[in-house]
1. Could you grab me the full set of residues in region 232-255 that are buried (at least 21 other Cβ atoms within 10 Å of the Cβ) and of a type in the set (Gly, Ala, Ser)?
2. Look through Asp456, Asp429, Asp375 and report the one residue that is farther than 30 Å from Ala166 by Cβ, of a type in the set (Asp, Glu) and out of contact with any Leu (no Cβ under 8 Å at 6 or more places or on another chain).
3. From the list Met279, Met253, Met258, Met244, pick out the single residue that is within 16 Å of ligand 1 (Cβ to nearest atom) and out of contact with any strand residue (DSSP E or B) (no Cβ under 9 Å at 6 or more places or on another chain).
4. If Gln92 satisfies all but one of (1) within 16 Å of ligand 2 (Cβ to nearest atom); (2) closer than 28 Å to Val167 by Cα; (3) under 21 Å from the mean Cα position of the chain (by Cα), what's the number of the condition it fails?
5. Among what's in region 269-300 and is under 14 Å from Pro440 (Cα atoms) and within 13 Å of ligand 2 (Cβ to nearest atom), pick the residue that is surrounded by the fewest Cβ atoms within 10 Å (Cβ to Cβ).
6. Kindly list the number of the only condition in (1) touching a strand residue (DSSP E or B) at 6+ places or on another chain (Cβ under 7 Å); (2) within 16 Å of ligand 1 (Cβ to nearest atom); (3) closer than 21 Å to Thr493 by Cβ that fails for Val143.
7. Restricting region 150-204 to residues that are polar (S, T, N, Q) and part of a strand (DSSP E or B), which is farthest from the chain's Cα centre (by Cα)?
8. Considering Gly455, Gly373, which residue is of a type outside the set (Val, Ile, Thr), touching a residue at least 40 places away in the same chain (Cβ under 8 Å) and part of a loop (DSSP other than H, G, I, E, B)?
Amino acid sequence: MTLGTETRGAIAFDNSYARLPDRFYARLAPTPVAAPRLLQLNRALAQELGIEPQSLTTPEGVAVLAGNRTPEGAEPLAQAYAGHQFGNFVPQLGDGRAILLGEVVDRNGVRRDIQLKGSGPTPFSRRGDGRAALGPVLREYIVSEAFAALGIPATRSLAAVATGEAVARETMLPGAVLTRIASSHVRVGTFQFFAARQDTEGLRALVDYVVARHYPQAAGSANVALALLEAVIAAQARLVARWMHVGFIHGVMNTDNMSIAGETIDFGPCAFMDHFDPMKVYSSIDARGRYAYGNQPRIAAWNLARLAETLLPLLAPDQQAAIALGQAALDGFKPHFDAAYQAGLRAKLGLSSEAESDSELADALLEAMAQSGADFTLVFRKLGDAAAMPAGEDELRGLFNTSAGLDAWLPRWRERLSREGDGPEAQRDAMHRVNPAFIPRNHLVEEALAAAEGGDLGPFEMLIGVLARPFEDQPGKARYALPPKPEEVVQQTFCGT
Ligand code: AMP
Ligand code: MG
């Protein structure tokens, strides 16, 4: 596909959210910043969106990314939404520091949102300043792009711009704006916003919008709202299973941070765990461990129950009938999750066929890992090496504090692996395609952010370069695959909002 010369350098906006009724959003432009400076541009993503990358590096382009200039065709707005935060319902949240510039239809025909985050106050800001600090912006950039390389659905990062302004948090910090790209920014909380107002017409319009944009197969269903609910449940079950496979802890699975499109969104105090601990928590604001690693499937189901509640008036005219339909759909979460989770675990173990004992085999390894502080990512990576050469077992053993559990497990795994048709090399390669060597480890992220705050973007750029190829052994980059040394361990992560 070629762009006409007339659109070269422009963003071909094609906005649909701005066509929804006024009460879905507040129209306003971003608030300009003092001294925009482009820190990072995702050229490949720009191209995917049909935007000439070079056009975003000019002063006019950077002004757009900073919110200083509203580009031709943009219809900037802050979206309204509600949400359960740590279990407590807040009837109005909304974009308090983000502005949707508009949408483009990308090279694959997919509609994508272009949103500025940290772009100034909106009617939904409450007491917040509408701004973002450099650290959290670069953090989201790193983690969202790592997700893309891992092949896990997530919002993307198109650019990071320094504002030349300070933001007041616990200390004064350099400010930045992130350009976020999403399949859409509709959340479970968007549905809750209308349900809380008993605005059934608004809900109906939202359902129609989401079905047309994300789940067109539901449009032909006799019960469109039910088909939508089932599709979202399936998408979320698959997504959370993918998180579990890479040791990801979202950290703030509030209903306003759950995308209806089934993408990972809102990378706040999120973290990839190093040593395996099924109830690991990093977030400083999650004192009770509500969003611990092992709670994530349960919390996703809880959030989906909140979505189902909002849809009750549309599921059936009779409330009891509507509840029965919603409950039946929610009952689908567990089988969807279990199927995706178990299939992914089998692949991680190098098993392409399915045997009844596989889930027990996987659990036994996880159990051994939990008991001896083994690094989640490296165990699976080294297991791939061990599939091809028995000597690989020594390195694997080195990851466990005590290897008794592993030693008991390995013969069981080898026996099971021998029943697979593929040869050892093919098994290793298949395992390496699903078990990353490189994840955004907390200590590496912190190191990159600290350097960036001191004005050195080198470590940040190096890190995103390594994380762009997570499944390849990268000679010379071994340091990025290693768990933290004791003095490097990050105990807590922060939202930084
Ligand atoms: P989050 O924890 O990032 O999901 O945000 C929860 C809510 O707080 C959303 O409505 C955000 O828009 C809002 N919010 C977070 N940080 C800020 C900020 N610095 N200024 C204004 N609103 C904010
Ligand atoms: Mg949020």
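The values are calculated or read from the model by the stated rules, or taken from the named source; none is laboratory data. Keep in mind that this is a model prediction, so the values were computed, not measured. With ideal geometry, Cβ positions are generated from the backbone for all residues, glycine too; neighbour counts draw on all protein chains shown.
1. Residues satisfying the conditions are Ala237, Ala241, Gly247, Gly251.
2. One residue alone meets the criteria, Asp429.
3. Going through Met279, Met253, Met258, Met244 in turn, just one is within 16 Å of ligand 1 (Cβ to nearest atom) and out of contact with any strand residue (DSSP E or B) (no Cβ under 9 Å at 6 or more places or on another chain): Met253.
4. Of the numbered conditions (1) within 16 Å of ligand 2 (Cβ to nearest atom); (2) closer than 28 Å to Val167 by Cα; (3) under 21 Å from the mean Cα position of the chain (by Cα), the odd one out for Gln92 is (3).
5. Pro269
6. So the condition that Val143 fails would be (1).
7. Thr163
8. Testing whether each residue is of a type outside the set (Val, Ile, Thr), touching a residue at least 40 places away in the same chain (Cβ under 8 Å) and part of a loop (DSSP other than H, G, I, E, B) leaves just Gly373.
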